[in-house]
Amino acid sequence: MSYSFLNIDVNDWELFINQYSEVNVFGTETFLKTTTSVYNCDLDIRVVLFNNKPILAVPLFIKGNKVVSPNHYYYQYIWEKETSKESWNQIEAWSFLIKELQKKYKEIKLRLPTKLKDVRPFIWNNFDIRLKYTYEKDLQKLTYNRNIKRILNHHNKKYSFNENCDWAPNWDFYNNDLVKLGVKKNDLRLYVSYFKGLKEINQLEVFNVYDDDGFITSILTIVDYKSKLAYFALMGLVEDKHYRKGLPTLLYDNALNRLKQKDILKVDFLGANMKSISKYKSNFLPSLEGYYEVFYAEFNAKNKKNWSKINHLIHKVLRFR
């Protein structure tokens, strides 16, 4: 029994992976090409074979000698052979892949999907592990707590809603909005280019809200119709006069209902890590899901090994005193 790997060109990727699984939005050829174009990076698509049969596949974004995670508006796409997910073979496959990557790259950063719960292969190979959280809302159970219900029952009738229109005002709005949030100019350009790219490949939708004076704000939403999942990527800032009238709640509710009508089953709020924002989102009665960000740096790993050797030597000396 042995492990090996092969590299696949992005142009052959979907033809290959569709033999085994239907890719989600973050694993499509169009998404991978759009992201590499925006962030000026390359792809290293690795497939791990066990006895010459695919068991694990991961398309990685590469910049120089680093595996990078370009932004926090996506999850790393991973395919695992269904029958191997709970087996030791899968753990060995991950360990094999990680060690192969460590031979080539000095840094590795991945934002793992919520479904990947076992990160022991990363721990055992000197990665730093960070547990993060997000909220997921099941649209089959579109119920909220009483605070949300109260706002919806007394909302301002002057607000109106629409979707997938007024893109130009949206881009202008987010260019200004992200500056207010302290986003650096280069990052701002990349974020907007990223979302524009997703819109061009029909993987982004926008839900807008208006009053008598026109456009107010929106939610940029990554939509995966094949998997019936959506991701609330970015919601614009709201002026106090609108916030006091419950506008963010009205917009979230409108977007959730529109997505339900499109047969989307679940929405990921893409984050539940900041206390104030998490408290607000929890009013929509979502489920709390954990995910991992893993990071490896060759320099840090060597230091850890050296300290481990020193500690082992100290304990050995103390034992014989």
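About the centre of its Cα atoms, the range 83-166 shows a dipole size close to 420 debye [charges on the beta carbon of Lys, Arg (+1) and Asp, Glu (-1) only; nearest 20 debye]. Between 0 and 90 degrees, the angle of helix 185-200 with respect to the longest Cα principal axis of the chain falls at about 80 degrees. At q = 0.16, 0.23, 0.25 Å⁻¹ the log10 of I(q)/I(0) for the range 107-209 amounts to -1.13, -1.19, -1.22, computed by Debye summation with a single uniform scatterer per C-alpha, solvent ignored. For a straight C-alpha distance cut-off of 16 angstrom, the aspartates and glutamates reachable from K141 (same-chain residues fewer than eight places away being disregarded) are D253, D263, D268. For the chain, what is the mean residue ellipticity at 222 nm derived from helices alone (per DSSP H run of n ≥ 4: -39500 (n - 2.57); sum divided by total residues; nearest 500 deg cm²/dmol)? After summing the helix terms and dividing by the residues of the chain, the value is -12000 deg cm²/dmol. About its Cα centre, the dipole of the chain is roughly 1700 debye, where the only charges are +1 on Lys and Arg Cβ and -1 on Asp and Glu Cβ.
Rounded to two decimals, the Cα-based Rg/Rh of the range 144-284, with Kirkwood Rh, is 0.94. Taking amide H as placed 1.01 Å from N in the peptide plane, L60 has its amide H under 5 Å from the amide H of D44, I45, R46, each at least 5 places away in sequence or on another chain. Within a straight-line Cα-Cα reach of under 19 Å, K66 can be paired with the following lysines, leaving aside sequence neighbours fewer than 8 residues apart in one chain: K33, K99, K103, K104, K106, K109, K302. With the cut-off at under 16 Å, measuring from each backbone N in the range 207-244 to a point 7 Å along the Cα-to-Cβ line of N257 picks out 207-210. Computed 3J(HN,Hα) for the range 139-155, one whole-Hz value per residue from the Karplus formula 6.51 cos²θ - 1.76 cosθ + 1.60 where θ = phi - 60°, is 6, 6, 10, 7, 10, 10, 7, 5, 5, 5, 4, 4, 5, 5, 6, 10, 7, glycine and proline marked x. Label sites at D240 and K99, each approximated as a point 7 angstrom past Cα along Cα to Cβ, lie 6.1 nm apart.
Between L181 and N147, the contour length at 0.36 nm per residue exceeds the Cα-Cα span by 9.5 nm.
Using the Cβ-Cβ distance between H155 and S2 with R0 set to 56 Å, the FRET efficiency from 1/(1 + (r/R0)^6) comes to roughly 0.35.
Under a 5 Å amide H cut-off, with hydrogens placed 1.01 Å from N, Y133 pairs with A272, Y291 among residues at least 5 apart or on other chains.
Distance between the 7 Å Cα→Cβ label points at H72 and N40: 2.4 nm. Taking a straight line from the alpha carbon of K275, these lysines sit under 24 Å away, with near neighbours fewer than eight places off in the same chain left out: K115, K117, K132, K137, K149, K180, K184, K241, K245, K266.
Go through the range 147-200 and name the trypsin sites (Lys or Arg not before Pro) that are in a DSSP coil and have 11 or fewer other Cβ atoms within 10 Å of their Cβ. Kindly include the intermediate steps, with their values, before the conclusion.
Details: sites: K149, R150, K157, K158, K180, K184, K185, R189, K196, K199; in loops: K157, K158, K184.
Sparse-neighbourhood loop trypsin sites (Lys or Arg not before Pro): K157, K158, K184.
Over all pairs of different C-alpha atoms, the chain has a mean inverse distance whose reciprocal, the Kirkwood radius, equals 21.9 Å.
Laboratory data are not the source of any read-out in this text; all were calculated from the coordinates shown. Every value quoted in this text rests on a predicted model; they were computed, and no experiment measured them. Please note: Cβ atoms are built from the backbone with ideal geometry, for glycine as well, and neighbour counts cover all protein chains shown.
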